[in-house]
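The values are calculated or read from the model by the stated rules, or taken from the named source; none is laboratory data. What you see is a predicted model, and the numbers here were worked out from it, not measured in a lab. Every residue, glycine as well, gets a Cβ built from its backbone with ideal geometry; the counts of neighbours run over all protein chains shown. Keep in mind that these areas ignore ligands, DNA and RNA; they rest on the heavy atoms of the full protein, side chains included. Shrake-Rupley method; radii C 1.70, N 1.55, O 1.52, S 1.80 Å.
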Amino acid sequence: MKRVYLFCNAGMSTSLLASKMQKTADAHNLPIEVKAFSDSKMEGIVNEFHPDVIFLGPQVKYRLEPTVEKYGHLGMPIEVINLVDYGNVDGERVLKRAILLMKENKK
């Protein structure tokens, strides 16, 4: 099971996006778990579950560099969610991006 975890201020604004991403993954029988969390819980979540992709909501894009510095050595892709996809709550496009990042990370 691959894990794609989304982090934002309170975990609320990404919950709907994560839900749409999970529905898309389930509809295609993809072994992917998508969840949203508050960025304040990132350290515990990353240390416990070792996600395969970390996405940051656009509202916490300022946390990208510190997050890469802290977890980049673990080898998972870390990226800010595309603002248009986030605004449109386009779970399919964001899930496709996560899959692409996981494939590129294998190389």
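What to note about this one:
- Within segment 31-65, the set of residues being basic (Lys, Arg) and closer than 19 Å to residue 89 by Cβ comprises 35, 61.
- Remark: residue 7 falls outside the filter, which requires a residue to be of a type in the set (A, V, I, L, M, F, W, C), out of contact with any His (no Cβ under 8 Å at 6 or more places or on another chain), open to solvent by 10 Å² or more (accessible area, probe 1.4 Å) and over 17 Å from residue 92 (Cα atoms).
- Condition check for residue 79: free of Cβ contacts under 8 Å to residues at least 24 places away in the same chain and of a type outside the set (A, V, I, L, M): no
- Of everything listed in (1) open to solvent by less than 70 Å² (accessible area, probe 1.4 Å); (2) part of a helix (DSSP H, G or I); (3) in contact with a strand residue (DSSP E or B) (Cβ under 8 Å, 6 or more places away or on another chain), the single unmet condition for residue 86 is (3).
- Residues of segment 1-41 satisfying the condition of being β-branched (Val, Ile, Thr) and out of contact with any strand residue (DSSP E or B) (no Cβ under 7 Å at 6 or more places or on another chain): 24
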